[in-house]
Amino acid sequence: MRVIVTGATSFIGRAVTKELLAGGHHVFAVVRPDSPGLPRLEMLAPEAEGKSGRKGECLTFLPFALKDIRKLESCPALVPSSALKSHSAPKGMAELWLHLGWEGAGSANRQDPHVQARNIGYALDSLHTAARLGCARFLFCGSQAEYGIVDGIMGEEILCHPVSEYGKDKLEVCRRAGEDAKALGIDYIHARIFSVYGPGDHPWSLVSTCLDTFLKGGRMELGACTQQWNFLHVRDAARALTGLLLAKVPAGVYNVAGEDTRSLKSFVEQMHRLCGERGTCEYGKRPPNAEGVVSLVPDIRKLKEAAGFAQEISFEDGIREMIGIYKENCL
């Protein structure tokens, strides 16, 4: 299959691209021309070519910013030259679109209405461009932030009350893109991603910060950590997303999360033990982030039934892997 991926240099984007390449698919990676993550993504090409034997036919880079996404409609890598000359509809060069591109996803920008609102336009432009290029399916990566603060299980059917601008605008994409997709005749999959961790994660994420602090024997200051939480390794997340994209599941919303839900404090203390109980952690020292005190109790039955998903990497195994990588590179 020929798959367009926006946000391909992001933490999850790299894992998704690698998963698609491993499956023998051709990935058209849309990347900002000045993206600092491009060199790491380029490293995937030789590995994919070695497995497939198709030199130069597995990973194609498309240097476009999100604000210029409609220019893909006249991109020679995606549109037959005959269609460009005749100005006819450029059908057939792409089959699927996975949209991970989103500006201001970090906690510092999640409450900025100007940063977040323009992403709605980028997502809708991407959907319309996907339809113009002949894609049959469009998967948008939403967020658990769309739910807001929920007391209980987070099923796809419950009402959403997002707190942050980030969550509000992801939810607005869900509403508007779902409507537009019906008119365009393209299947729209809205994947609500929960808490993903793993190698390559942002150094300021909770998991990365805990491991760095504990392994250096430092002091970790945290919130109360009494809320329920759910972690999913990035490779499992990539399998879930590609599964939804490739399995021809019904259009709609799907939670993407793991099978291990427990108190956040339990996860933190497990990381502390796996780090040899080096360093210390103090609870109740930090204020909540932009979403407030949120408990994550995802229902992933729909994902399991539709895409056959099952978590493969336990939290312990994932953390041991990260500790090993950290020791090789930082200690």
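Below, the figures for the structure above:
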quantity	calculated
Test result for Arg278, surrounded by fewer than 17 Cβ atoms within 10 Å (Cβ to Cβ), among the basic types (Lys, Arg) and assigned to a loop (DSSP other than H, G, I, E, B)	yes
Count of residues meeting criterion [over 20 Å from Trp204 (Cβ atoms) and either at pLDDT 60 or above or not in a loop (DSSP other than H, G, I, E, B) (or both)] in the stretch 90-111	8
Unique residue being assigned to a strand (DSSP E or B), touching a residue at least 12 places away in the same chain (Cβ under 8 Å) and among the hydrophobic types (A, V, I, L, M, F, W, C) when the list is Phe231, Phe267	Phe231
Residue pairs meeting the criteria (Cβ under 9 Å; at least 6 apart or on separate chains; first in contact (Cβ under 8 Å) with a residue 60 or more places away in the chain, in the stretch 179-194; second buried (at least 19 other Cβ atoms within 10 Å of the Cβ) and basic (Lys, Arg))	Asp187/Arg137; Tyr188/Arg137; Ile189/Arg137; His190/Lys170; Arg192/Lys170
Subset of the stretch 120-152 that is among the aliphatic types (A, V, I, L, M) and in contact with a Pro (Cβ under 8 Å, 6 or more places away or on another chain) - its residue that is surrounded by the fewest Cβ atoms within 10 Å (Cβ to Cβ)	Leu133
Odd one out for Tyr166 among (1) closer than 19 Å to Thr242 by Cα; (2) part of a helix (DSSP H, G or I); (3) of a type in the set (Phe, Trp, Tyr)	(1)
Flag for Thr60 being surrounded by 22 or more Cβ atoms within 10 Å (Cβ to Cβ), touching a strand residue (DSSP E or B) at 6+ places or on another chain (Cβ under 8 Å), of a type in the set (S, T, N, Q) and at pLDDT 90 or above	no
Selected residue [modelled with pLDDT under 95, small (Gly, Ala, Ser) and either in contact with a Phe, Trp or Tyr (Cβ under 9 Å, 6 or more places away or on another chain) or closer than 19 Å to Tyr147 by Cβ (or both)] from Ala251, Ala307, Ala290, Ala240	Ala290
Strands (runs of 3 or more DSSP E) (entirely within the stretch 169-221) containing at least 1 residues that are of a type in the set (Asp, Glu), more than 17 Å from the chain's Cα centre (by Cα) and surrounded by 17 or more Cβ atoms within 10 Å (Cβ to Cβ)	187-193
Test: residue in the stretch 142-155 that is within 23 Å of Arg70 (Cα to Cα) and modelled with pLDDT of 95 or more	yes
Positions within the stretch 241-264 being assigned to a loop (DSSP other than H, G, I, E, B), of a type in the set (A, V, I, L, M, F, W, C) and buried (at least 19 other Cβ atoms within 10 Å of the Cβ), in sequence order	Val249, Ala257
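The values are calculated or read from the model by the stated rules, or taken from the named source; none is laboratory data. For clarity, every value in this text was computed on a predicted model and none was experimentally measured. Ideal geometry is used to build each Cβ from the backbone, glycine not excepted, and the neighbour counts take in all protein chains shown.
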